[in-house]
Structure formats: C-alpha cells, structure tokens
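Input: a single structure, listed below in structure tokens.
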Amino acid sequence: AMNELFASFGLAMLTGVLCIYIVLVLLFKGFVQPVTILTALVLSIPGAFLALFITHTALSMPSMIGLVMLMGLVTKNAILLVDLTNHYHREAGLSVRDAILKAGPIRLRPILMTTFAMIFGMLPSAAATGEGAEFRAPISIATIGGLITSTALTLLVVPVAYLLLARLMEHLAAWRTGTAAAKLGQATRIAGLVTLV
C-alpha cells in the first residue's frame, strides 16, 4: 500500500510541476525564467520534511497532500519577485543586477505578509487535537514547514538564480552572434575567392 501511495504521489508531484511550468511559460513568454521560479519548489521540500520530523508526524497521505498543495503556494513569492524584476529590467531599462536590487525590497513586504497570513491561518489546524485532526494536522504541518523555508530561501536564492540565468543567456547570445559573424566572415572569404577565380 505504501509503495502504491509513493508511486501515486510521485506522479502527482511530476504532473503538478509540469502544469506549473506550462502556466509559467505562458505567463512569462519564455522557457528560461520559469526555471528560476521553480527553484522555490525545491527549497520548500526540505522544510516540509523537517517540520514533519520535528513534530513526529508520519509521512502519510495527508502530509503528501500538503506537499502537493505546497507547490502552488510557494511559487507565488518567486512570481511576485521575478515579475517586478522583469518590469524594471525590460520596461524601465535597468540592468539585471539593479532591477533585482530594486525589486527585492519592494516585494519583501507583500511576500512576508501573504506568507505569514497563510502560516497563521494554518496554525489552528496544525495544533488541533479534536476529531479529524489526524487528517488535517499533517497537511498543515507540511505546508507550514515548506512555506517557512521557501520564503526564507526564495528571497536569497531566486534573485541569484535569476542573475545567473540572465548572464548565461547573455553568454549564449554572444556566442551565437560570434558564431554567426564567423560563419558570415567565412562565407565572405569564400565568395571573394570564387570571384577571384
């Protein structure tokens, strides 16, 4: 039963990540920046497992439901940050580094406000001991743990990932331009030789 449960959970996680990635590709009109946002998912999983370990809660179907639900919640912070960074970089004309430094402090307050609202909203369910608590508590505990770590690390890791991916894309564009220029130069030389012959 546990093997079937883990197999179903793995399929659900994979499907959720793919759905999120497709939606982000449509929203940001590119395939690279959604990868930056998906780093928030990776940062949330250790926090969820740590919260389950600290509270001595078993990894069960309810806690796995919390992990799946967590995927949709943690991407919100990264979307808020990346969207404003894109605005400053593309529309305001700032460099990538300056856009990140300007967007970070502005988005810090709404990110913290929404995260704390979700955490405090789930605390009664996580601490409940009444009827049905054995099903609701693991969902809330996993979600709270994932939200805490993803929020703390997203504010640090996502801007760095954004900057690194932007530099990588610049290097790739420069390499393509250099390759195209080299091919054009080679074609020009060949054409010149043909003309001379």
Note on the stretch 96-171: the mean projected area of its alpha-carbon convex hull, in nm², is 5.9 nm²
For the chain, what relative contact order do you get, as a whole percent, if you take Cα pairs closer than 8 Å and at least 6 residues apart? 31 percent
The rounded separation in angstrom of the Cα centers of the stretch 89-168 and the stretch 14-86 is 10 Å
At 1.4 Å probe size, with the rest of the protein present, what percent of the exposed accessible area of the chain is carbon and sulfur atoms? 74 percent
Please give the per residue accessible area of the chain, computed with a probe of 1.4 Å over protein heavy atoms only, in Å². 59 Å²
With all protein chains present, calculate the accessible area of D83 using a 1.4 Å probe and round the result to the nearest 10 Å². 80 Å²
Hz values of 3J(HN,Hα) by residue in the stretch 87-94 - Karplus curve (6.51, -1.76, 1.60), Gly and Pro given as x: 4, 5, 6, 8, 8, 8, x, 6
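Over all alpha-carbon pairs in the chain, figure out the percentage whose distance exceeds 22 Å.
Here the long-distance tail beyond 22 Å is 57 percent of all Cα pairs in the chain.
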Filter the GluC sites (Glu not before Pro) in the stretch 118-183 down to the DSSP loop ones having no more than 10 other Cβ atoms within 10 Å, then list what survives. E131
Can you give me the orientation-averaged projected area of the convex hull built on the Cα atoms of the stretch 1-85, in nm²? 5.8 nm²
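The values are calculated or read from the model by the stated rules, or taken from the named source; none is laboratory data. What you are looking at is a predicted structure, and each value in this text was computed from that prediction instead of being measured. Glycine gets a Cβ as well: all are built from the backbone with ideal geometry, and neighbour counts include every protein chain shown. Only protein heavy atoms, including side chains, enter the accessible area calculation; ligands, DNA and RNA are left aside. Shrake-Rupley method; radii C 1.70, N 1.55, O 1.52, S 1.80 Å.
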